[in-house]
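Read the structure below first, then the notes.
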Amino acid sequence: MSNQQKRWKQFLAAENDGEQLEYSAKSPIAGVSRRTFLEVLGYSTVAVTLTGCRAPEQKIVPYLREPVEFTPGVASWFASTCGGCSAACGTLVKVRDGRPIKLEGNPDHPLSEGGLCAVAHGMIFGLYDPDRLRSPMRGSQPATWEEIDDEILGKLSAIKKSGGKVRILTAPLSSPASRKTIQTFLAQFTDGKHITYQPVSNDAIRQAHLRSHGIAAIPQYRLEKAKLVVSFGADFLGTWIMPVQFTRGYAKTRSLTEGRREILRHVQFESIMSLTGSNADKRIRVSPHEKTQALLYLARLIAPSTDLLNAYEPRQLSVQTQEAVEELSRELLSAQGESLIVSGSNAPDSQYLTNFINDQLGNYGKTIELTPTLGREQSSDAEMVELVQQMNTGEIAALIVCGVNPVYDYFESQKFVDALKAVPLRVSLNSALDETSSLADYVCPQNHFLESWDDAEAVQGTLGINQPTIAPLFQTRAFQETLMRWSGDQRSFYEVLRNTWREEHFPQQNQFATFEGFWDATLQKGVFSLQQPANVSITFKPDTLSGAIGRLQSTSGVNSANELDLVLYQTTSLRDGRFANNPWLQELPDPLTKITWDNYACVSQRYAAMNGLEEGRVVRISNGAATIELPVHIQPGQHDDVVAIALGYGRSKAGKAGSGIGANAFPFVAFVDGSFRYSHLRVTLVPTASKVEFAQTQIKDSQEGRRLARELTLTEYVKGTESHHEEHASLWSPHDYPEHKWGIAVDLNACVGCNACVISCQAENNIPVVGKDEVRRSRDMHWLRVDRYFEGDRDNLRVNYQPLMCAQCDNASCESVCPVLATVHSSEGLNMQVYNRCVGTRYCENNCPYKVRRFNWFTYARDDAVANLALNPDVTVRSRGVMEKCTFCVQRIEEAKINARNEGRPINDGEIQPACQQSCPSQAIIFGDLRDVKSRVAQMKKSGRNYTLLDELNLRPAVSYLAKVRN
Amino acid sequence: MAVSVTQPEVLATAKPEAVADLLPSNGLHPVYSELRKPLILGNKSNADVTRDICQLLEPKPGLGWWISLSVSLVLLIIGVVATVHTVNTGIGTWGLNKTIGWAFDITNFVFWIGIGHAGTFISAILFLFNQKWRTSVNRSAEAMTLIAVMCAGLFPIIHMGRPWLFYWVLPYPNTRGTLWVNFRSPLLWDFFAISTYFTISAVFWYLGLVPDLATARDRTKSRLRRVLYRVMSLGWNGSNRTWSRYETVYAVLAALATPLVLSVHSIVSFDFATSLIPGWHSTIFPPYFVAGAVFSGFAMVMTLMILVRKLMHLEDYITPQHLENMCKVALLTGSIVGLAYITEIFIGLYSGNPNEIFVIINRGLGPYAWAYWIMFGCNALVSQLFWFKKLRTSIPAIFVLSILINVGMWFERFVIIVTSLHRDFLPSSWAMYTPTITEVGLLVGSFGLFFTAFLIFLRLFPVISINEVKGVLKYAKQH
C-alpha cells in the first residue's frame, strides 16, 4: 500500500513541475511576441470602432412659420358627415398632423346624436385602403386626368350630337348638391337620366307610400316616441335604413335612468336571427310565409270593420303565432298613436299593408312622420332592371357608374356584364378597380369622402356638411368635379356647394343674417336643422288594398320537403359588400354568430339535426339558375324552413383583404312585381363531402347557468330590486386614490350588441388585424369584445349581449403575478400595462378571469405605408411578445387632464369619453370618476340593477354592469 | 485478490447455520447479516469496483453509446430548430391563444422539474435515512436531476414573448431607477427556488464526485481527461483528514438539500395554487406536486437505470433489488398522487362552487377527458401494480410501467394547465388548444438535450459512486 502511495506522489510532483515551467515560458515578462502584438492591435481596433456605432442622427426641424390652427401633437377636430351609407350620420373627424385618424359621433347632430356604427368607424381604414386606385385608368393602364378628360369630352360631345342616351348609375345620394351636379351634367344631353341603384333595396317602402299616401319616399320612423314597436323582419338596429338613428331612439325609449318605470315594448316576427330580433322582448319565430300571414291576420284584428279582411282566416298560422298575433293586436289597440309597425320586406304589398295597420292605429303623424327621408330622388328597382334591358338592346350610348358595383351585386350579373359590353362608352367613377370598374373603358377614381366636400340631407330639413379633412392622397378627383369638368365647368365643387347652400338653404333659415355667418356656423357644427315643415296630414288611400290583400293571401310557403326558403340578409359589418376590403370589418365578429371572415348558410338546429348537417359542413345551395357552396352554420332561433345567407361576400375584385371571402349570394335575389326580393326564394340544399372550420371569436353559446349577463323583467324591476352588492373582506389594504378613480358602468339594458364600440376601440388603439387563420386559433386581438349568450329554447330564445373591456380591478389578479412589474396599478385606479417592460410570460392572461388580455403572438403586419397612416400616434404600436389590453383610453384621460390643468379647472364629468363610449349609439357605456359621487357613472352604479361580473372573486373591478330589463 | 473473489462464493453457497457459526471467527462486520441480500452482486472487491466503474470511461465508446448519442443529437437538433423558429417568429408558432396562455411550455417545465426531484431525494433524503441501496443509483440520479433542471430551466425562458429580456426577471442592480422585480409573483419565486435547487444539487453532486474523480485521475491514460480530473478533483489525496472533512460536508449538504426537495415543487405549484383559475386555485397543490415530482423522478430513474445497466453492463451494481426499492417509493408516492386526485375531485364537488364543480366535471368528461384518463390511469392505477412483487422484480415490467408513469406525469401537468385554462369563468372565452409541430419539437428537443447530456455524463464521470459503493460491499463488511 505505502509503496503505491509514494510512487503516486512523485508522479504528481513531476507533473506539477512541468506545468510551472510551461507557465513561466508564457509569462508576459518574456516580452511581447509579434503575434500577441497583432492580436492586441486587432482587438483594440475593433473595440474602438464598435464604440463609434450608433443610430444615424436625424434632426427634427421645427416649422419656421407654423401653419394656422396646427400644433404638432395636438388633434384638430372637424365636424363632418359620414359617407359610409346614405343615412348620413354626423361625425367629428379627428385629424392629427394632417391625417384623419378617427371618426367620432357628432353629439350635435339631431339624428345620430353622437352615435356611429361599426361601418362608420371602419371608414378611416377605407381612406387609407392600399387597394384604392392612385390615378385614373384607361382600361387597365394608368393615365393622366388631362388625357382622360380630353378623350371622354370628345366622346361625350359625339353623343351630344347624336342624341344618344346617357345614364349615370349611383347609389342613392343623400346629397342635394351632388344630385344637382349630376342633373346639370345630364342636362347637356337630349336623353340623360340619373338612376340610383340599391343592391339591397328598400324601394318597396317608397312604392307602398306612393300607393298609400302619394309620396314616393321613406318616412321618418320615430322610435323614441313609441311605446310598442312591432317589426316584421326589419333589422332596424342593425342594417335597416338608418340603424344608428333607430338605435338611438330605441335606447332612449327603453332607458330606465331618471326613475323611468315604463319602457318601449318590442315585438319581432322574424324567420332568421337578426340583431334586432335578438333584442326583442318578444320574438316570434315564423317562416317568411307565416310572417306575411301574421301581418294579414294582424291587419284583420286591428281593422275588423274592413270587409276585405273579414274573410281572411289565419289557417296557415301555427297556434302559438296566432295567439301571439291576437295578444299583440290587443296591445296595439291600447297603444294607438304610440305604436309603430315596421316591415323589412321589399314586397310593396307587405309594406302597403304595414302602412294600412299604422294608419289604422293612428301612428302617422306621431311615430311615423311623413317628412320624406331617404329615397325622395331615388329610382325604383324596376328602373334599374329597365336600364339593363336598354343597355342590352344597345340604346344606351354612355353609362357612368359611380359608387355602385352592379357587376358584383346585380341579381343577374352576367346579364349586366353582357349589357355593359353593348354600351359604347363605359366610365366608372369608383375608387377602386372593382368588378365593375375593371370592365369600364375609363376609371376616374373619386375621392374618399374624407377628402371631399359634400352635403347630406338624409332627412328633410337636417342638412349635414361633409368637409375634407385631408388633401386627396392619390391622383383622385371628387366625382362631382369630374362630372363638372365633363360639363365644361372648371370650378371646384366647393364653390358649387356653397352656391347651392347660398341659394337654397340660406333663404330657408332666419337665424343668420349673412351667408358667411350661416356657412361658418354650419361648418363648425357639421349640421344645420331647418325649421321642420308642418307635418302634412295625408290620408291613407285604400284604393289598392284589395289587390294587395289578395296577392298576399295567395302566397304560399315551402311545400316540398326538399325545399327551403332562402332569406338573404346583410351583416352589420359588410352590409351589401361595399366594405368587403376593410379588414377591420371583415374581422369584426357578427353580433350573433361571432363568425369572422366568412359568410355561411344559417340553418336551424332542427333542420340540421334532421338532415345530418353539422357546423361547418359545406352545402350546395341552388335554385336551378344559381348555385353556391357555403358552409353551414347552425343558428339558434332560426325558423326550420329557412336558410339564411349574408350578402356582401364573395367579392372577386375587392382587393387584398376582401377578395375571395365567402360566396356571393346576390344571384339568388329575385325580381318580382317590380321590386327585388330577398326572401320567399325557393332553394335546395345538398351537403357536400367537405367541411370547414369557422373563424369564430366565441365558441360557447350558453352562460352555463352562471349569472354573467343578467336580466330581469320590467315587473321585477318595478317591484324594486335593491343593490345586493356585498363588500367582501380583503387581505390587501385598499389602494389610495388621491385624485381620481376611473370607472365604467355598462347599461346592458341599453346595449343592443351592435359592435360599434369594437371598431371604435380598434381604430383608436391601433389594434392589429390578425386574419382568418389566427381568429380560428382564438387569437383575435380586440381589446373590447361583446359577449353574446343564448339562453332558453329555440322557440323562446333569449339573447344577451355583454361588452367586455378590461375591468381595471382594484385587486387585479394580473398585477400580482407579473414577475417584472409590467402591469401595475395607477393612482387613478387604472391597471397599466407597460409594454416596454413586458417580457411576455402570459401569466397575467391566464390569471385574468375576464380574459380581456391580448398577446402579440407575432409581429403583426405594419408593412403598408399607406395603411399605417391610420395609426393613432398617441397609442404605442405594440411589438411582438408583449401583452396588451384595454387602457380605458388612457391617452384621452391624459389629454383631458392636461387641458384641465392648463385651464386651471377640475376635469368635468363627461369630459373624458373613451372611444367605446363616445360613439355608442345607445349610450350604454358611461365612463367617469368614481370619487366624484355626483358623476354620472357613480350615480349609475347606485342603481338596483348594478352588479359586478364575477363578484365572488372580489377583484373589485372598476367596470360594472346594469342588468337588462325585458318588457 | 484471488482469495477475496472466491471466499464470498463459499459463503454464498454455505448453509445459513454454518454461516452463523462462521461469523465471529471470520471477523465479519458486526451488522453483517446473511438475511440481508447483498446490494452488489458478483462478490466484488474494492479493486473490482474501481476497475468496473473506471473502465467504463476509458476505452473508446461502444456502438450502443454512439447510436444512442446520434439519436439523442437528432432529437436535440429538432429542439434547436424549434427554439430558433420560436424565437425568430414568435410564440404564435405555438398553439396558444387568448384563453390558454400556457400549455406545452409550462407542462414541459413542470415535468422536467419533477424529474429533477428523484436525484436529490435519493442522494440527500435517503442518505440521511441511511438507505445503503442508494449508493448504486445516486450518482446517475443526481446527474439526471441536474440535466432535468437544465431542461426545465430552458422552458420559462423560451416561453417568454421576448426571451432576450429574460434577465429582467432577475433582481439585479440596474440603471432603471425604482424598476424592480415583483416579489409577489410566483414566477419570481420559481426563479429563486429553481436556481437555489440547481446550485445545491450541482454542488452536492460535484462534492460526491470528488473522491471518484481522484480515482479516475489516477487511472486515466488520456492526457485531456487527466487534466480535467485533476482540476476537478481539487487535489484530493485520500488522507483520513480529507475523508473526514468530506463526509462532514457531505452530510451537511445533504441536510441542506433535503428541504429543497420539498420546497422547489411546492413553489412551482404556487404558480398555479396562488392564481384564481378554478383547477389551479387549490391548497393541496404543494404536497400533491412534491409527491408527484418524486413519483415521476423515480419513474425516470428506473427507466434510465434499466437502460444504463444494460448499456454499461452494470447488472451487478444496479440489481433488481435496487429497482424493487425504487418501485416501493414509486408505489408510495404514486398512491399519494392518486389520493390527491381523489381529494381534488372530492374538494371540487363538495365545494359548492359552481366553477370548481365544473372544472372537475370538465376534466373527467370534457374535451380533454382523454388526457385526464391517461393521467389517472398511468399514475394512480399503474403505480398500484407495484403492490405485486412479481411486477416489482420483473425488469421488463418495471421498464414499461416506469415509462407509463412518465407519460402519465407529463399528462398530469398538461391536464392541470390546459383543462383549467381552456374553460374558466366566462364561457364566451372558452377555447381549445392543439399543439403545433413546433411545440412537439420543443418537447422532443428537451428529451434530446436530456439524453445527450446524460450520455456525455456516462462517458465523462464515474456513473456509480465508487467510494460509496465500496462501503456497502460485502467485502467491505468482511474486512
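For residue A:810, the conditions (1) closer than 30 Å to residue A:727 by Cβ; (2) within 10 Å of chain B (Cβ to nearest Cβ) all hold with the exception of (2). Taking the criterion of being facing chain B (nearest Cβ under 9 Å) and surrounded by fewer than 23 Cβ atoms within 10 Å (Cβ to Cβ), the residues of segment A:855-890 that qualify are A:858, A:859, A:879, A:880, A:882.
In a residue-by-residue description of segment A:364-377, the property of being outside any loop (DSSP other than H, G, I, E, B), modelled with pLDDT under 90 and touching a His at 6+ places or on another chain (Cβ under 9 Å) applies to at least one position. When you scan segment A:909-932, do you find a residue that is outside any loop (DSSP other than H, G, I, E, B), over 24 Å from the mean Cα position of the chain (by Cα) and touching a residue at least 24 places away in the same chain (Cβ under 8 Å), even just one? Yes, the conditions are met somewhere in segment A:909-932.
Check B:373, B:410 and return the single one that is free of Cβ contacts under 8 Å to residues at least 24 places away in the same chain and assigned to a helix (DSSP H, G or I). Answer to the check: B:373.
Of the residues making up segment A:332-341, those that are out of contact with any Ser or Thr (no Cβ under 8 Å at 6 or more places or on another chain) and either part of a loop (DSSP other than H, G, I, E, B) or in contact (Cβ under 8 Å) with a residue 40 or more places away in the chain (or both) are A:334, A:335, A:336. Of the helices (runs of 4 or more DSSP H) contained entirely in segment A:451-546, those carrying at least 2 residues that are surrounded by 18 or more Cβ atoms within 10 Å (Cβ to Cβ) and over 33 Å from the mean Cα position of the chain (by Cα) fall at A:479-486.
Of all the numbered requirements in (1) over 30 Å from residue B:99 (Cα atoms); (2) in contact (Cβ under 8 Å) with a residue 12 or more places away in the chain, residue A:872 misses one, and that requirement is (1). Taken across segment B:413-420, residues that are under 16 Å from residue B:148 (Cβ atoms) and part of a helix (DSSP H, G or I) do occur, with at least one present. Checked against (1) within 14 Å of another protein chain (Cβ to nearest Cβ); (2) more than 25 Å from the chain's Cα centre (by Cα); (3) on the phi > 0 side of the Ramachandran plot, residue A:851 passes all but condition (2). Of the residues contained in segment A:709-717, none is found to be within 14 Å of chain B (Cβ to nearest Cβ), β-branched (Val, Ile, Thr) and surrounded by fewer than 20 Cβ atoms within 10 Å (Cβ to Cβ).
Among the residues of segment A:238-273, those identified as of a type in the set (Lys, Arg) and touching a helix residue (DSSP H, G or I) at 6+ places or on another chain (Cβ under 8 Å) are A:248, A:252, A:261, A:265. Taken over segment A:156-182, the criterion of being more than 32 Å from the chain's Cα centre (by Cα) and either of a type outside the set (Ser, Thr, Tyr) or in a loop (DSSP other than H, G, I, E, B) (or both) is satisfied by A:156, A:158, A:159, A:160, A:161, A:163, A:164, A:165, A:166.
If the condition is being more than 28 Å from the chain's Cα centre (by Cα), assigned to a loop (DSSP other than H, G, I, E, B) and at pLDDT 90 or above, then segment B:159-180 contributes B:161, B:162. Of all the listed residues (A:462, A:500), the sole one being touching a residue at least 60 places away in the same chain (Cβ under 8 Å) and in contact with a Leu (Cβ under 9 Å, 6 or more places away or on another chain) is A:462.
The single condition among (1) within 14 Å of chain B (Cβ to nearest Cβ); (2) in contact (Cβ under 8 Å) with a residue 40 or more places away in the chain that residue A:837 does not satisfy is (2). Restricted to segment A:197-223, and to residues there that are assigned to a loop (DSSP other than H, G, I, E, B) and of a type in the set (Ser, Thr, Tyr), the residue that is nearest to residue A:678 (Cα to Cα) is A:201. Answer yes if at least one residue in segment A:784-795 is in contact with an Asp or Glu (Cβ under 6 Å, 6 or more places away or on another chain) and within 13 Å of chain B (Cβ to nearest Cβ), and no otherwise. There is at least one residue in segment A:784-795 that is in contact with an Asp or Glu (Cβ under 6 Å, 6 or more places away or on another chain) and within 13 Å of chain B (Cβ to nearest Cβ).
Every residue, every condition in (1) at pLDDT below 90; (2) closer than 29 Å to residue B:454 by Cα, yes or no:
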| site | (1), (2) |
| --- | --- |
| B:295 | no, yes |
| B:310 | yes, yes |
| B:314 | yes, yes |
| B:326 | yes, yes |
| B:341 | no, no |
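Restricting attention to segment A:936-954, the residues that are in a loop (DSSP other than H, G, I, E, B) and either crowded, with 20+ Cβ neighbours inside 10 Å or within 14 Å of chain B (Cβ to nearest Cβ) (or both) add up to 6.
Residues that are in contact with a Cys (Cβ under 8 Å, 6 or more places away or on another chain), crowded, with 21+ Cβ neighbours inside 10 Å and not in a loop (DSSP other than H, G, I, E, B) occur at least once in segment B:437-449. Of note, residue B:257 does not satisfy the criterion of being under 19 Å from residue B:406 (Cα atoms) and away from every other protein chain (no Cβ under 14 Å). Here residue B:234 meets the list (1) part of a helix (DSSP H, G or I); (2) in contact (Cβ under 8 Å) with a residue 24 or more places away in the chain almost entirely, failing just condition (1).
I'd like to know if segment B:125-139 contains one or more residues that are among the aromatic types (Phe, Trp, Tyr), surrounded by 22 or more Cβ atoms within 10 Å (Cβ to Cβ), closer than 30 Å to residue B:37 by Cβ and at pLDDT below 85. Within segment B:125-139, one or more residues are among the aromatic types (Phe, Trp, Tyr), surrounded by 22 or more Cβ atoms within 10 Å (Cβ to Cβ), closer than 30 Å to residue B:37 by Cβ and at pLDDT below 85. Annotation note: of A:419, A:458, the sole residue that is more than 21 Å from residue A:151 (Cβ to Cβ), modelled with pLDDT under 90 and not polar (S, T, N, Q) is A:458. Candidates in segment B:167-192 are the residues that are within 7 Å of chain A (Cβ to nearest Cβ) and in contact with an Asp or Glu (Cβ under 7 Å, 6 or more places away or on another chain); of these, the one that is farthest from residue B:276 (Cα to Cα) is B:187. Just a yes or no: is a residue in segment A:95-117 touching a Pro at 6+ places or on another chain (Cβ under 7 Å) and either of a type in the set (Lys, Arg) or free of Cβ contacts under 8 Å to residues at least 40 places away in the same chain (or both)? Within segment A:95-117 (the criterion being touching a Pro at 6+ places or on another chain (Cβ under 7 Å) and either of a type in the set (Lys, Arg) or free of Cβ contacts under 8 Å to residues at least 40 places away in the same chain (or both)), the answer is yes, since at least one residue qualifies.
Every listed requirement among (1) in a helix (DSSP H, G or I); (2) facing chain A (nearest Cβ under 9 Å); (3) aliphatic (A, V, I, L, M) is met by residue B:100 save one, (1).
Among the residues of segment B:136-155, at least one is within 14 Å of chain A (Cβ to nearest Cβ) and closer than 24 Å to residue B:440 by Cβ.
The values are calculated or read from the model by the stated rules, or taken from the named source; none is laboratory data. All of these numbers come straight from a predicted model, not from anything done at the bench. When we count neighbours, we look across all protein chains shown, and the Cβ atoms used for this are built from the backbone with ideal geometry, even at glycine.
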